[in-house]
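Working notes, beginning with the structure itself.
The values are calculated or read from the model by the stated rules, or taken from the named source; none is laboratory data. Here the structure is a predicted model, which means the values were calculated and not measured. Ideal geometry is used to build each Cβ from the backbone, glycine not excepted, and the neighbour counts take in all protein chains shown. What goes into the accessible areas is simple: the full protein's heavy atoms, side chains included, and nothing from ligands, DNA or RNA. Shrake-Rupley method; radii C 1.70, N 1.55, O 1.52, S 1.80 Å.
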Amino acid sequence: MISNFQKIGFGGGCHWCTEAVFQSLQGVVKVEQGYIKSIDKHQSFSEAVIVHYHKDEILLKDLIEIHLHTHQSTVDHSFREKYRSAVYYFEDAIKDDITQILKEQQKNFEALLITQTLPFNEFLPSRKELHNYFYNNPEKPFCKKYIHPKIEMLKKKYAKVLK
């Protein structure tokens, strides 16, 4: 990592959607779309992104809050293996910070958050033609139905951190 740049992994929904959300935020310098696996019972690959961000421009707590509000972070549906709700850390030093942020965020949700704090183990990038999916294909039906509403919500609720 260079100076004040950090990286964190996020999983929970379609990686096309997750990628577009984080690409829209100031302080985010790169978003890698693909699949992440962790350890133990979370060794299967699950759709996710790796977000590279400038910690002096956007806070980890803001990234996590936005992540929780842009996927079904309280729903333990049947596709959770493919769409694991998680924050993946690369450095043990921030594990407790992530857990604390998730605890603090619980007050903003009526249902219990199912988002897990997990160690990053391995990343597999998605096919190149899927990268930057929303911004390359904003008029596609999938983008209009699933991604556009998330971007609109960001504009209303998180305008201060948008690019």
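Structure notes:
- Within the set Val29, Val51, the sole residue that is outside any loop (DSSP other than H, G, I, E, B) and closer than 21 Å to Gln100 by Cβ turns out to be Val51.
- Residues in segment 9-23 that are farther than 17 Å from His77 by Cβ and either of a type in the set (A, V, I, L, M, F, W, C) or open to solvent by 10 Å² or more (accessible area, probe 1.4 Å) (or both): Phe10, Trp16, Ala20, Val21, Phe22, Gln23.
- Among the residues of segment 2-45, those identified as within 21 Å of Asn132 (Cα to Cα), of a type outside the set (A, V, I, L, M) and touching an Asp or Glu at 6+ places or on another chain (Cβ under 7 Å) are Gly11, Cys14, His15, Gln26, Gly27, Gln33, Tyr35.
- Just so you know, in segment 84-115 the residues that are polar (S, T, N, Q) and more than 14 Å from the chain's Cα centre (by Cα) include one that is surrounded by the most Cβ atoms within 10 Å (Cβ to Cβ), and it is Gln105.
One line per residue, one yes/no per condition, for (1) assigned to a strand (DSSP E or B); (2) hydrophobic (A, V, I, L, M, F, W, C):
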position	(1), (2)
Gly34	yes, no
Glu47	yes, no
Glu57	no, no
Lys61	no, no
Asp76	no, no
Glu81	no, no
Tyr88	yes, no
Ile94	no, yes
Ile98	no, yes
